[in-house]
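The values are calculated or read from the model by the stated rules, or taken from the named source; none is laboratory data. Please read all numbers here as calculations on a predicted model, not as lab measurements. Note that we place each Cβ from the backbone using ideal geometry, even for glycine, and neighbour counts take in every protein chain shown.
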Amino acid sequence: MKLHNLKPAAGSVKSAKRIGRGPGSGKGGTSTRGHKGAKSRSGYSRKAGFEGGQMPLQRRVPKFGFKNPNKVVFKVLNLDDLRKLAEAHSTNTLDLDFFLNHGLVSKKDKVKILGRGEFAGKLNISAHAFSETAKQIIEKEGGTISLVS
């Protein structure tokens, strides 16, 4: 078998219907487009969502809701989780690089520390935001907080 011998299976390839090639073809005249109207013209394209004059779905369904473009979304970390992490890696300084290297946050995430759970130990934590509870607990234990802009 060679490349010049290859042929498709018999009956598997049909030739395209040749329309608009004169009356002898049986598909001349209106070229299967019917008579008049926008669809019979060259260059016709239907608008996206057009439903034949019926009120389209995107206009029938009511609008609702609001997306605040100025909303700041934080990735939250709780103190009990940070304590476990600090003990596991025997460190007392937790900053954005540490969170990033250990897969807790992504590069563009903003980090907020929340005050859930038991917490003991002196930790120095850097993040974009802290809850009031977290601030009180960290400072009560002798740790420091630093806000990152």
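Quick notes on this structure:
- For region 66-85, a residue qualifies if it is free of Cβ contacts under 8 Å to residues at least 40 places away in the same chain and in contact with a strand residue (DSSP E or B) (Cβ under 6 Å, 6 or more places away or on another chain), and the qualifying residues are 75, 76, 78.
- Matching residues, region 120-140, being closer than 22 Å to residue 72 by Cβ and in contact with a strand residue (DSSP E or B) (Cβ under 8 Å, 6 or more places away or on another chain): 125, 126, 127, 128, 129, 130, 131, 133, 134, 135, 138
- Members of region 68-86 that are under 20 Å from the mean Cα position of the chain (by Cα) and not hydrophobic (A, V, I, L, M, F, W, C): 68, 69, 70, 71, 75
- Region 1-19 residues that are under 30 Å from residue 40 (Cα atoms), paired with ones that are among the basic types (Lys, Arg) and modelled with pLDDT of 95 or more (beta carbon under 8 Å, 6 or more apart): none
- Residue match in region 56-70 (condition: under 30 Å from residue 39 (Cα atoms) and surrounded by 13 or more Cβ atoms within 10 Å (Cβ to Cβ)): yes
- Within region 91-98, none of the residues are over 41 Å from the mean Cα position of the chain (by Cα) and either part of a loop (DSSP other than H, G, I, E, B) or under 21 Å from residue 109 (Cβ atoms) (or both).
- A Cβ distance below 9 Å, combined with a sequence gap of six or more or placement on separate chains, defines the contacts here; from region 90-103, residues that are under 11 Å from residue 125 (Cα atoms) and without any contact (Cβ under 8 Å) to a residue 12 or more places away in the chain reach no residue that is acidic (Asp, Glu) and assigned to a strand (DSSP E or B).
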